[in-house]
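One structure is given below, encoded as structure tokens.
The values are calculated or read from the model by the stated rules, or taken from the named source; none is laboratory data. Remember, it's a predicted structure, so these values are computed and weren't measured experimentally. All Cβ positions, glycine included, derive from the backbone under ideal geometry; neighbour counts span all protein chains shown. Accessible surface is based on the protein model in full, side chains and every heavy atom, while ligands, DNA and RNA are left aside. Shrake-Rupley method; radii C 1.70, N 1.55, O 1.52, S 1.80 Å.
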Amino acid sequence: MYQIKTYNAIAQAGLDEFTADYQINNPEAQPDAYMIRSVDLHDHEFPKSLKVIARCGAGFNNIPLDKALANGTVVFNTPGGNSNAVKELVVASMIMASRNIIAAVQWSANAKPGADITLRTEKQKTSFNGTELLGKRIAVIGMGHVGSLVANAAVDLGMDVIGYDPYLSVESAWQLESQVKRAQTIADAIKGADFVTVHVPKNEETTGLIGTEELKHFKHGAVLLNYSRLGIVDNAAAVKALADGTLKKYYTDFSEAQILNNPDIVIMPHIGGSTVEAEVKCAQIAAHEIMTYLETGNIKNSVNLPDVAAPFASPDRFTLIHKNIPNMLGQISTFMADEGINIENLVNRSRGNYAYTMLDVSNLTPATAQKVIDRLSQVDAITRVRLIHHD
């Protein structure tokens, strides 16, 4: 019986994906897996039993990845699970910015009691005149799950779409409409754009991706949208760009003191992926990632280990999380040979300072299996040893 512990409110439809071999939130059991959303785990003490963390969403800044690896814990996210939700909010934000919807609604809400708002609106509504999206140019920075959907939606709206992504995958490229043009640099993408929207993960390379230098290339009166992560846009630079007219509006899903109470900044309370459908889809993806990893050792959508998948070449499979250092495979293979264990198939992939190895073996007895687990677990460079039996 595998034990799952949840944090935050996880959609029941996702929990329903687990089979009878899984138990949810048993307070007396040590967890094999965490299923989480936004809970901050940086100061959390991981139990040694914890083999997997699945984040129901794309972002994983709330999880200490190196600390998880040191515990032998693989971390997953659910890319694509909330992409449509974010895309729809981006489109809605562009429409709101273009048509002055927020100002118009606030004007109506503040109308004096008894006033004939219809007649007054006919006289004064020209102050809310906006523009259409049709024919406008949008620069999409980052063409992954969300960015590609935004780009395609913009094409459907009749916009001129320019995309920038130096790491564009073949899968994402196939999903793009043919009308989407590709820029070689951020400067080329944003030059002349009426809208600039960023859809990249947050890391050292993307922190401050849109800052003072990039804003110099913006079209005067452009609209900037950030529904990725706080810090990808330099908010101080954005505030200055609004003041000098470089930016007309700035829409973001992430609050910070320096952008509060600015009439030209619209801040959403981190609702980009907050739809019923997105929460269900992310939870369902997370449940299947957990089950696949625990039952087969195969990895897909990990954020701290490489994707690894192989069919079973024999009924017994060892999986190891270990440091990416010389002669690890040699040590493992030698020990298997010394115990008379035959390796039918071996898969090894590395990512940064850690690697993941799967060995399908034969000639394995229960006593030998336990001996292998005990001895390999004592190797300092190995943080997790598991044996999976496949009928």
Please list, ordered by residue number, the strands (runs of 3 or more DSSP E) wholly in segment 196-273 having 3 or more residues that are in contact (Cβ under 8 Å) with a residue 12 or more places away in the chain, open to solvent by less than 20 Å² (accessible area, probe 1.4 Å) and closer than 25 Å to GLY57 by Cα.
222-226, 247-252
Could you tell me whether any residue of segment 283-300 is in a loop (DSSP other than H, G, I, E, B), open to solvent by less than 10 Å² (accessible area, probe 1.4 Å) and in contact with a strand residue (DSSP E or B) (Cβ under 7 Å, 6 or more places away or on another chain)?
yes
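For (1) among the polar types (S, T, N, Q); (2) in contact with a Ser or Thr (Cβ under 6 Å, 6 or more places away or on another chain), each residue gets a yes or a no:
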| position | (1), (2) |
| --- | --- |
| PRO166 | no, no |
| GLN175 | yes, yes |
| THR206 | yes, no |
| THR212 | yes, no |
| ALA222 | no, no |
Between ILE321, ILE325, ILE332, which is part of a loop (DSSP other than H, G, I, E, B), in contact (Cβ under 8 Å) with a residue 40 or more places away in the chain and among the aliphatic types (A, V, I, L, M)?
ILE325
Among (1) open to solvent by less than 60 Å² (accessible area, probe 1.4 Å); (2) out of contact with any strand residue (DSSP E or B) (no Cβ under 9 Å at 6 or more places or on another chain), the one test that SER49 misses
(2)
Note on PRO311: of the conditions (1) within 23 Å of ALA70 (Cβ to Cβ); (2) at pLDDT 95 or above, unmet is (1)
Is it the case that segment 270-284 has a residue that's in contact with a Cys (Cβ under 7 Å, 6 or more places away or on another chain) and either among the aliphatic types (A, V, I, L, M) or over 21 Å from SER83 (Cα atoms) (or both)?
yes
Within segment 120-128, is there a residue that is under 20 Å from VAL223 (Cα atoms) and at pLDDT below 95?
yes
Quick one: in segment 156-195, of everything that is of a type in the set (Asp, Glu) and open to solvent by 50 Å² or more (accessible area, probe 1.4 Å), which residue is farthest from VAL303 (Cα to Cα)?
ASP156
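Let's see how each residue does on (1) of a type in the set (S, T, N, Q); (2) in contact with a His (Cβ under 9 Å, 6 or more places away or on another chain); (3) over 25 Å from ARG349 (Cβ atoms); (4) touching a residue at least 40 places away in the same chain (Cβ under 8 Å):
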{"position": "LEU41", "(1), (2), (3), (4)": "no, no, no, no"}
{"position": "PHE46", "(1), (2), (3), (4)": "no, no, no, no"}
{"position": "ARG55", "(1), (2), (3), (4)": "no, no, no, yes"}
{"position": "ASN71", "(1), (2), (3), (4)": "yes, no, no, yes"}
{"position": "ASN77", "(1), (2), (3), (4)": "yes, no, no, yes"}
{"position": "ALA85", "(1), (2), (3), (4)": "no, no, yes, yes"}
{"position": "LEU89", "(1), (2), (3), (4)": "no, no, yes, yes"}
Give the residues of segment 344-391 that are open to solvent by less than 50 Å² (accessible area, probe 1.4 Å), part of a strand (DSSP E or B) and over 21 Å from LEU294 (Cβ atoms), sorted by residue number.
SER362
Checking PHE60 against (1) buried (at least 19 other Cβ atoms within 10 Å of the Cβ); (2) under 20 Å from THR383 (Cβ atoms); (3) modelled with pLDDT of 95 or more; (4) of a type in the set (A, V, I, L, M, F, W, C), which single condition isn't satisfied?
(3)
Lone qualifier among GLY114, GLY158, GLY144 - being more than 22 Å from VAL266 (Cβ to Cβ), out of contact with any helix residue (DSSP H, G or I) (no Cβ under 9 Å at 6 or more places or on another chain) and at pLDDT 85 or above:
GLY158
